[in-house]
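Asker: Have a look at this one.
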Amino acid sequence: MKTFAPRSPGRRQMTGINYREFLTHVRPHPEKSLIFGVKRDVGRNNLGRITTRHKGGGAKRLMRLVDFKFNKKDIPARVASVEYDPNRTAFIGLVIYKDGEKRYMVLPKDVRPGREILVSEKAPILPGNRLPLSKLLPGTLIYNISLSSEGDALLVRSAGSFAEIVAKDEGYATIKLPSGEVRKIKDDAWASVGQVSNEENNLVVIGKAGRSRLMGIRPTVRGSAMNPVDHPYGGGEGRTLRGTRRPKNKWGKGTRGVKTRNPNKYSSKFIISRRTKN
């Protein structure tokens, strides 16, 4: 982690990632064929109405076309560079396949330029390689997990995260996810070996409000600081108690312990143990 001299109150507690240790170049030029501009929704729907609060502004970003399909199988690829992606917490790598095609992919921990990555049923069990769950041993750490044999990598993609294969039985692999949930996934689904890069990301202290605004995060106002018309906790002279039987959000819906998952969801039958409560 990188710390700063306490020359201002914002700098005193601020920390950041020392990118010089991990990236090929501190400010690499992304591959032109794999970037595109896009207008961000910043929490608005197609009518321009706010559907997710506290989003807006922020520094301009170019989107990177990151490969989550992994449909080039049995063709070795070489990691050409490790790069920063402003749209995700993990580091991405530019990989060049033997046939010359270039793609971006989320890199695992400790993979450096020059390493070879292979998507194959016969690939060695090394960080970055991608295999079906049936070919991996219990205890293996995995990420970029798909839910079917031809599906995209949907699970475990954020910085420092990993899942673990607990057991395999009757065509299913039992996976423990980062949330603590234990669930079954068909063993013909594919996963990448290793832990996602940039594991220090959760230690970053933003330090000041302006840094949040550059990230596109707008201020959050406490309900108790609002008027009664704006929030169930609003109003009163000075600081007052919550005044309601149970916690609720701005729209009166319950929070803290209220179950929001659909009890009839199709994938519930694959869940062995629910995620741990924080």
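Asker: For Ala5, state whether it is in contact with a Leu (Cβ under 7 Å, 6 or more places away or on another chain) and closer than 19 Å to Lys208 by Cβ.
Answerer: On the way: in contact with a Leu (Cβ under 7 Å, 6 or more places away or on another chain): no; closer than 19 Å to Lys208 by Cβ: yes.
Spelling it out, it is not the case that Ala5 is in contact with a Leu (Cβ under 7 Å, 6 or more places away or on another chain) and closer than 19 Å to Lys208 by Cβ.
Asker: Let me ask something additional. Please pick out the residue among Met14, Met1 that is out of contact with any Lys or Arg (no Cβ under 9 Å at 6 or more places or on another chain) and either surrounded by 15 or more Cβ atoms within 10 Å (Cβ to Cβ) or in contact (Cβ under 8 Å) with a residue 40 or more places away in the chain (or both). Please lay out each step first, then the result.
Answerer: On the way: Met14 fails: out of contact with any Lys or Arg (no Cβ under 9 Å at 6 or more places or on another chain).
Of the residues listed, the single one that is out of contact with any Lys or Arg (no Cβ under 9 Å at 6 or more places or on another chain) and either surrounded by 15 or more Cβ atoms within 10 Å (Cβ to Cβ) or in contact (Cβ under 8 Å) with a residue 40 or more places away in the chain (or both) is Met1.
Asker: Now for a separate question. Kindly evaluate Leu141 against the criterion of being hydrophobic (A, V, I, L, M, F, W, C), within 30 Å of Met215 (Cβ to Cβ) and either at pLDDT 95 or above or in contact with a Pro (Cβ under 8 Å, 6 or more places away or on another chain) (or both). Walk me through it before giving the result.
Answerer: On the way: hydrophobic (A, V, I, L, M, F, W, C): yes; within 30 Å of Met215 (Cβ to Cβ): yes; either at pLDDT 95 or above or in contact with a Pro (Cβ under 8 Å, 6 or more places away or on another chain) (or both): yes.
Answer is yes for this residue.
Asker: Name the residues in region 161-176 that are within 25 Å of Phe91 (Cα to Cα) and surrounded by fewer than 18 Cβ atoms within 10 Å (Cβ to Cβ), would you? Even if it seems obvious, please write down each step before you answer.
Answerer: Here is the first cut: in region 161-176, the ones within 25 Å of Phe91 (Cα to Cα) are 161-165, 175-176.
Result: Glu164, Lys176.
The values are calculated or read from the model by the stated rules, or taken from the named source; none is laboratory data. Since the structure is predicted, the reported quantities are computational estimates derived from the model, not experimental observations. Glycine gets a Cβ as well: all are built from the backbone with ideal geometry, and neighbour counts include every protein chain shown.
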